[in-house]
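**Q** Can you keep this structure in mind? I'll have questions shortly.
The values are calculated or read from the model by the stated rules, or taken from the named source; none is laboratory data. Because the structure is a prediction, the values reported are computed rather than measured. Heads up, the Cβs are rebuilt from the backbone with ideal geometry, glycines too, and the neighbour counts pull from every protein chain shown. These area figures cover heavy atoms from the full protein model, side chains too; ligands, DNA and RNA do not enter into them. Shrake-Rupley method; radii C 1.70, N 1.55, O 1.52, S 1.80 Å.
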Amino acid sequence: DTAVSQTPKYLVTQMGNDKSIKCEQNLGHDTMYWYKQDSKKFLKIMFSYNNKELIINETVPNRFSPKSPDKAHLNLHINSLELGDSAVYFCASSQDTVVVNTIYFGEGSWLTVV
Amino acid sequence: AQSVTQLGSHVSVSEGALVLLRCNYSSSVPPYLFWYVQYPNQGLQLLLKYTTGATLVKGINGFEAEFKKSETSFHLTKPSAHMSDAAEYFCAVSVNNDMRFGAGTRLTVKP
């Protein structure tokens with residue numbers, strides 16, 4: 001069973017569209033994340049949720065809206081897609097304890113905006 | 001906030017040679033440190049991590065890293081490179097579940 005799964009893996013869409021990427025983890029973790037990896041492979045955290053509550057919200061355009069219906073799911077919705085949104089988006093999760101806190105990543109969603 | 005600097009965006013070694021990937025961190029509190037590997041078109045896989053205790057940490061695939069507080073470093077090494085080690089390697093620092101990654105180092109292994 002895949003620990004952190006995200007769909008779709010590949011997404012090609014036109015500018016101005018609205019799209020969502022779904023993420024689910026079956027590890028029983030309390031914390032979930034979205035990371036963005038740009039064309040230069042730079043990984044940057046976007047959001048972090050702990051038990052459905054927003055913990056980290058980096059400087060991300062408000063066109064990006066995470067939604068966590070329960071602690072096993074963290075979906076990413078993107079409005080009015082722009083060319084610069086093309087990237088790989090990684091969902092991840094970790095157990096929220098004082099003992100770290102290995103982050104487990106999904107396999108990524110390749111978003112291409114044309 | 002904590003941060004990581006990886007020296008060298010691209011490292012090339014011959015098969016069988018020593019692999020050394022450099023990572024320096026910045027953190028106001030004792031950090032937790034990680035190395036992740038990313039193979040082409042795949043997600044990130046944990047190689048090893050340092051939390052507390054022994055400063056020399058052994059990971060998967062023969063990799064190890066040493067936490068040096070005085071140098072604020074966590075360099076990744078492997079005695080003998082294999083062709084299958086070719087990938088992108090990311091150093092990361094975590095404080096209170098907030099993990100920040102370095103820019104990555106692409107490792108190329110020549111036959």
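**Q** How many percent of the accessible area of chain B is carbon or sulfur, using a 1.4 Å probe?
**A** Solvent-exposed carbon and sulfur of chain B make up 52 percent of the total.
**Q** Could you give me the radius of gyration and the Dmax of the range A:1-52, taking only the C-alpha atoms into account and expressing both in angstrom?
**A** Taking only Cα atoms of the range A:1-52, I get Rg and Dmax of 13.1, 36 Å.
**Q** Rounded to the nearest 20 debye, what is the charge dipole size of chain B about its Cα centre when +1 sits on each Lys and Arg Cβ and -1 on each Asp and Glu Cβ?
**A** 80 debye
**Q** At q = 0.11, 0.28 Å⁻¹, what is the base-10 log of I(q)/I(0) for the range B:49-111 according to the Debye formula with one equal point scatterer per Cα and no solvent? Please give it to two decimals.
**A** Result of the Debye calculation: -0.29, -1.37.
**Q** Over all directions, how big on average is the projection of the convex hull of the alpha-carbon atoms in chain B, in square nanometres?
**A** So the Cα hull casts an average projection of 6.6 nm².
**Q** Explain nothing, just the number: dipole magnitude of chain A about its Cα centre with +1 on each Lys and Arg Cβ and -1 on each Asp and Glu Cβ, in debye rounded to the nearest 20. Don't skip to the end; give the middle numbers.
**A** Working: 11 positive and 12 negative charges, 51 e Å.
Around 240 debye, computed over chain A.
**Q** Towards the positive end of the charge dipole of the protein assembly as shown, with charges on Cβ (+1 Lys, Arg; -1 Asp, Glu), say which of A:Gly108, B:Thr5, A:Asn57 has the farthest Cα.
**A** The residue sitting farthest along the positive end of the dipole is B:Thr5.
**Q** Once phi is turned into θ = phi - 60°, what whole-Hz ³J(HN,Hα) does the Karplus curve with 6.51, -1.76 and 1.60 give for every residue of the range A:27-35, x standing for Gly and Pro?
**A** 9, x, 6, 9, 10, 10, 9, 10, 10
**Q** Determine the share of the range A:1-63's accessible area contributed by carbon and sulfur atoms, expressed in whole percent, with a 1.4 angstrom probe.
**A** On the range A:1-63, the fraction of accessible area on carbon and sulfur atoms equals 45 percent.
**Q** Let me know the Rg and Dmax you get for the protein assembly as shown when you use only its Cα atoms, in Å.
**A** For the protein assembly as shown, the Cα radius of gyration and maximum Cα-Cα distance read 17.5, 52 Å.
**Q** Counting other Cβ atoms within 10 Å of each Cβ, which GluC sites (Glu not before Pro) in the range B:1-73 have at most 16 and sit in a DSSP loop?
**A** B:Glu15
**Q** Could you pull out every residue, at least 5 positions away or on a different chain, whose amide H is within less than 5 Å of the one on B:Tyr32? Hs are placed 1.01 Å off N in the peptide plane, and Pro or chain starts have none.
**A** B:Ser94
**Q** Tell me the volume per residue, in Å³, of the convex hull enclosing the alpha carbons of chain A.
**A** 96 Å³
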